[in-house]
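Single-structure report; data block below.
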Amino acid sequence: MEDEPMNRNSKEAGLIYQIIWYLMIAMLVLAVIVQHLGLGERTDNVATVISHLYLALVPLGLVLLTIVLFIKKSTLVATVAGSMVVIWLLLRFVIS
Amino acid sequence: MGTSPWLIFLLCSGVGALAAVLGLGGGVLLVPIFTLLLDLPIHQAVALSLCCVMATSVTATSRYLPDGLVDLRAVLILEITTIIGSYGAAVVAGMIPDRVIAILFACVMILAAAMMLVRQPGNSNDKHSERHRYPLALSGSLLAGGLVGLLGIGGGVIKVPILRLLLGKPMRQAVAASAMMVGISAAFALLPYLHRGEIPTHFLAYAALGTVAGAFVSSRLFHKIESIYLKIVFSLVLVYTAINLIIKTWD
């Protein structure tokens, strides 16, 4: 484990966040289309499901970041990112 | 509720565009708009603002990261206390009456108005020093996280100076790191609001998409404005809105 220079993982991390951005936009556009069409009760369900998925986007980004950072042997940063994901999952599903 | 989601989309687009042009986070504008114009309770307004702030954070980070402007190590280390602050404040927010949150928010708006006027426009004197005052930076990040969780704003007002003065980051890197941090903090801060059922799910997609669209278009069409007159007008609007927010919540 050693300190990594700042820009060592920028490309991979940038790619991950770009994937997350496209996912986010696709999800939001889909939600707007479904809500605009108006599917009765199902509209509520779609809105709720989308909101749950939306909240999981950044943690998903952190999961991917953790994997990439471990592969690139940036152990310290990967451990911190991974711990955050675990804490988020605990807060989301266990402590409520 | 009679509010049209498309009205929310338009309002958020306007806020996103204005925030991008003025170099602000949108939260300080979104919460009063949701409260004053759309009659949302302030807790729901804060939750919806957090959703928008998260969307702008992902958008900004997806552009800053490939350019090598984000110091991942600094961001993730500072986030340790920021997420404690944001989650803790979001839990506490559920126990605080609307009035108190509105007054706190109005104070932050007045502070933001003042800071906009005194902020130095240039950053040419930035020099990259290798100062690493992490204990102090971590304490400041706790406070910044608290603002995120309690008031639904980005907290860049605190984070950028921390990154510049305590960790010696140049201005652009400080802004980029702050943008990434707020998305992670918001993801944690939203959990208590989700558990309390205070996220207006019907408006989420319209609000988040509107904010991103406004910022996206505005950043491509206009340059960041440094006009002092516009900043004075905008500061006065912020103060006026802050007073209205207090009056409305008090009634």
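Quick note: the coordinates plus some simple rules give every number you see, no bench work behind them. Since the model is a prediction, treat every value here as computed from it, not as a measurement. Positions of Cβ are generated from backbone atoms using ideal geometry, with glycine treated the same way; all protein chains shown enter the neighbour counts.
General observations
- The ranking of A:Leu30, B:Leu238 by Cβ neighbour count inside 10 Å, starting from the fewest, reads A:Leu30, B:Leu238.
- A crude spin-label estimate for the pair B:Leu165 and B:Leu117, with each label 7 Å from Cα along the Cβ direction, gives 2.1 nm.
- Fewest-first sequence of B:Met109, A:Met27, B:Met171 by Cβ atoms within 10 Å of each Cβ: B:Met171, A:Met27, B:Met109
- log₁₀ of I(q)/I(0) at q = 0.12, 0.20 Å⁻¹ - chain A, Debye sum with one point per alpha carbon: -0.51, -0.97
- Each Lys and Arg Cβ is given +1 and each Asp and Glu Cβ -1; about its Cα centre, chain A then shows a dipole of about 120 debye.
- Most positive-pole-ward Cα, B:Ser185, B:Leu167, B:Ala89, against dipole of chain B from beta carbon charges: B:Leu167
- Residues B:Glu79, A:Glu12, sorted so that the one with the fewest Cβ neighbours within 10 Å comes first: A:Glu12, B:Glu79
- Extending 7 Å from Cα along the Cβ direction at B:Tyr229 and again at B:His195 yields two label points whose distance is 5.2 nm.
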